[in-house]
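Report on the structure given below.
The values are calculated or read from the model by the stated rules, or taken from the named source; none is laboratory data. Owing to the predicted nature of the structure, the values given are computational and were not obtained by experimental measurement. Neighbour counts run over all protein chains shown; Cβ positions are idealised from the backbone, glycine included. Surface areas here come from the heavy atoms of the whole protein model, side chains and all, with no ligands, DNA or RNA. Shrake-Rupley method; radii C 1.70, N 1.55, O 1.52, S 1.80 Å.
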Amino acid sequence: MEKLNKLEIAGLIILAIAGILFLTDKFLKVEFLIPVMEFKEIFLYSGIAIWAIGLMQKESVKRKNSIGNKNG
């Protein structure tokens, strides 16, 4: 398994936070998290976007390295 870059790690952390918020909203009713629950979908979509950007960067570097190996 390849090493994750910083954007992928940040995206996965935000996705984990969104997942915890979704589970908390579904199974537990925590009063002090009610204002944060409004933003759980924003956390989810931004986490997916950040993770995808990090993945695209890694694939771009991998593609450049494979093209460089074929030519040189």
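Among Glu31, Glu59, which is the only one that is within 16 Å of Lys6 (Cα to Cα), without any contact (Cβ under 8 Å) to a residue 24 or more places away in the chain and loosely packed, with under 11 Cβ neighbours inside 10 Å? Just one listed residue meets the conditions, Glu59. With the requirement that a residue be part of a helix (DSSP H, G or I), under 30 Å from Glu59 (Cβ atoms) and open to solvent by 100 Å² or more (accessible area, probe 1.4 Å), what does region 1-28 give you? Hits for region 1-28 are Lys6, Ile20.
Are any of the residues in region 50-72 of a type in the set (Gly, Ala, Ser) and in a loop (DSSP other than H, G, I, E, B)?
Looking for residues that are of a type in the set (Gly, Ala, Ser) and in a loop (DSSP other than H, G, I, E, B), one finds at least one in region 50-72, hence yes.
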